[in-house]
Structures are given as C-alpha cells and as structure tokens.
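Everything below concerns the one structure shown next.
The values are calculated or read from the model by the stated rules, or taken from the named source; none is laboratory data. Because the structure is a prediction, the values reported are computed rather than measured. Backbone-built Cβ (ideal geometry, glycine too); neighbour counts: all protein chains shown. Ligands, DNA and RNA are excluded from the accessible area calculation, which covers all protein heavy atoms including side chains. Shrake-Rupley method; radii C 1.70, N 1.55, O 1.52, S 1.80 Å.
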Amino acid sequence: MKRLFAIILIMSLTTSTYSQDMNSSLRQLEDYLEQQGFSFTYCQSQSNTMVGRTTFQWNAWVSGWYDASTYQENMGEETKQQYSIKKLSHQNILNAIDTTRFTFSRISKDASESFLYEYHENDMDTIRYNLIFRFKDDSPNSPNSINNVNYTNIRESVGLKYYRDKSNRAGCFDEMFMYDHNYSMPNGLTKEDIKPFDIPAFEALIKPVLNSIKKLKGASINPVYWQYDEGFESNDLYGSNKHMGLTTGTYYFIPAQYDKEIEALYTQLATLAQDYVNRHPEQSYHYYYYHNPIPNVSNLREILNCNSQTGGDKYRLSFLINDNGYYDGFHILSITTKGEYKLPKDWQTLKSYINGEKTYLK
C-alpha cells in the first residue's frame with residue numbers, strides 16, 4: 001500500500017501544472033514521514049464555495065504512550081516487548097519533529113508568514129509551527145485555518161502540531177504528532193463552468209468492480225433504504241437535526257479472510273474515483289485517500305462526497321474496516337441522499353429503516 005500511495009500521488013502530481021509550484025521540500029518530508037509508518041490522508045476537492053481553485057491536502061498523524069520511568073527489569077517478556085515498541089514509536093515521533101522543524105526552518109525564508117509557539121513546563125510539551133505561502137496576484141481571498149490560526153489568500157500552507165502530557169493525565173494517548181499540508185491551485189473555472197456531480201455516470205463506472213465480489217464466499221450485496229420524515233428524531237441515528245431525508249443505494253461486504261481482494265478493491269475504487277474527478281474537474285467533489293487503511297481505519301470513512309446540485313442530492317462512497325476495534329471485513333456504502341443525511345447506528349444489519357421501524361438483513 002505504501003508503494004501504491006506513492007504511485008497515486010506521483011501520477012496526480014506529474015500530470016498537473018500545480019506540481020511545478022508545490023514546495024518540493026515538503027513532498028520529500030512527506031515521503032520521509034510515510035517511511036516512518038505515519039498514517040496519511042490525502043484529500044482533493046472542488047467545492048461550490050471555492051470556485052476557481054482545486055485544493056489538495058495531506059495529513060499525517062500518530063499518537064501513543066511511553067513512560068520510561070515505569071519500566072522494570074522484572075517485567076514479563078511480553079510487557080518488555082510492548083515497551084520496546086512504544087519506545088521506538090516515541091523515538092520516531094521525536095525524529096519526525098526534528099526533521100519537520102529543520103525542513104520548516106529551511107523554507108521559512110520563502111514564506112509570506114510564519115508562526116511558532118512552544119511550551120515546555122509542568123510535564124507538558126506543546127509545539128505549533130505554521131508556514132504560509134500566499135498568492136502573488138489578485139486571487140480572491142480564501143480564509144483558511146491551520147493549528148487554530150486563521151489566514152487568507154493562501155496558496156500553500158503547512159503546519160506541525162505536537163502535544164505530550166508526561167503526567168499521564170490524558171490517559172494512554174498522551175502523545176500526539178500531527179502534520180497538515182494544504183495547496184490551492186487556480187483551475188480557471190468560473191461559477192458558470194461548475195456542474196452538478198453526475199451520480200449515474202460515476203456509479204456506472206464503479207459498479208462492475210463492486211459487483212465482482214459476488215464470486216467471494218460470504219460476501220454480500222444488499223439494498224440500502226433509510227427514511228426519516230420531517231420532525232423525526234431518534235437516539236439510534238447519527239445526526240441530530242429533525243429535517244426529512246431519504247438515503248438509498250447499495251451496501252457491499254467482503255469477509256476479512258479475503259485480505260488481498262479487499263486491498264485490491266480499495267485500490268481500484270480509490271483509483272477510479274480520483275481518475276473520474278481529474279477528468280471532470282468542473283463537478284463539485286471531495287475525494288479522500290487513506291494510506292494503509294487495512295486494518296487501521298475505524299469509523300465510516302469517505303472516498304467520495306459529492307453534491308449533484310446546490311441543496312440537492314448528495315452522493316457518498318464510503319467504507320468501514322475496523323468496527324469498534326474488530327476487523328471483520330470490508331464494508332462499502334454507495335449511497336445517495338435526498339434531504340438530510342443521517343446514519344442508523346446499526347446500518348450494517350439493516351435492510352431498511354423507516355422512521356425508527358427496522359427491517360433486518362437475513
């Protein structure tokens with residue numbers, strides 16, 4: 001998957017004009033973070049609120065816990081091994097901080113603005129480091145926020161955020177490293193150029209790939225029908241508003257035993273989705289790619305999130321792998337929502353949901 005991630009990004013970078021302007025030092029830094037095993041998310045979008053620009057985003061993060069003072073020689077071998085893993089993870093984070101700070105310092109002379117904050121007292125460590133590179137022309141302002149600091153008219157921005165609580169007040173996740181890189185490319189489009197996302201065309205593109213799971217024993221394909229009328233609310237739905245909504249589509253599932261097929265399917269869907277939005281930049285979309293998601297991605301994550309029209313239907317291609325810490329397989333939703341989107345908490349077991357009345361899959 002690491003190689004795949006690199007290939008997909010390289011293809012998108014080398015086939016677009018923005019690659020000539022993106023900071024190459026940051027791309028090299030991201031290659032380094034990837035090699036250290038940091039989780040990466042890549043996002044590419046064209047939204048109705050940012051007409052005229054295509055935005056690209058890379059996020060890396062890692063969290064953990066390590067306290068050398070609690071290590072004891074009489075610990076069991078299994079516990080010692082766990083400490084060794086935590087120690088290595090902690091050292092990787094420290095190395096990543098040093099490498100990131102060195103890179104930021106080296107390119108800061110070309111930045112339009114920089115921000116650095118550090119706090120190292122009371123068993124707490126906090127580092128926030130931002131660099132901003134603005135457009136040199138009269139491009140429209142584009143408010144953006146990085147590490148809780150707001151900026152405008154950003155061409156490229158990058159930020160480091162590190163937090164560590166050595167007192168262990170925060171529990172097991174007492175250390176967090178986050179990296180955020182954004183790039184905005186003018187694409188020449190105007191409001192008149194923007195078109196609704198073509199849901200039928202995209203579904204026709206991915207349907208043969210999704211239907212290929214039929215040959216796998218234990219795999220399933222089921223319809224989705226979730227309906228909630230105006231004013232209806234329930235604790236078994238994610239989403240608190242009382243507006244009406246209707247979500248329809250298809251739910252696909254592959255058992256965990258088919259790990260190679262799952263990885264191949266995710267690769268195909270991610271590649272097809274990115275290829276489609278690159279061929280149709282005039283359609284409003286948000287595209288996401290997750291580095292090494294199997295079996296690490298928990299909660300429902302999106303590959304595509306698109307509007308067919310302003311205030312109209314919304315399409316989602318989503319997946320779930322690690323459900324509450326249990327890797328049972330690959331869950332995929334290809335769904336369209338009219339009105340408000342709300343997700344039943346037990347959606348994997350449902351054939352339909354109509355105002356709280358549930359029909360379960362057999």
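General remarks:
- Taking amide H positions as modeled 1.01 Å from N, with prolines and chain starts lacking one, the residues under 5 Å from Val62 and 5 or more places away or on another chain are Phe177.
- Extension gain for Tyr327-Asn95 works out to 80.4 nm (0.36 nm per residue, less the C-alpha to C-alpha distance).
- Fraction of accessible area attributable to carbon and sulfur, the range 247-307 (%, probe 1.4 Å): 45 percent
- Label-to-label distance, nm, for residues given as Asp313 and Lys338 (7 Å Cα→Cβ offset): 0.9 nm
- Note that the range 181-186 has calculated 3J(HN,Hα) couplings of 10, 10, 9, 10, 10, x Hz, one per residue in order, obtained from phi through the Karplus relation 6.51 cos²θ - 1.76 cosθ + 1.60 (θ = phi - 60°); glycine and proline are x.
- Additional length obtainable on full extension of the chain from Tyr32 to Asn59, 0.36 nm per residue less Cα span: 8.4 nm
- The residues of the range 185-273 have, on average, 55 Å² of accessible surface per residue, using a 1.4 Å probe with all protein chains present.
- Distance between the modelled labels on Tyr117 and Leu361, one decimal in nanometres: 4.5 nm (7 Å Cα→Cβ projection).
- Three-way shape label, the range 204-318, alpha-carbon gyration tensor, a/c 1.5: oblate
- On the beta carbon distance between Asp125 and Cys43, with R0 = 30 Å, the FRET formula returns roughly 0.60.
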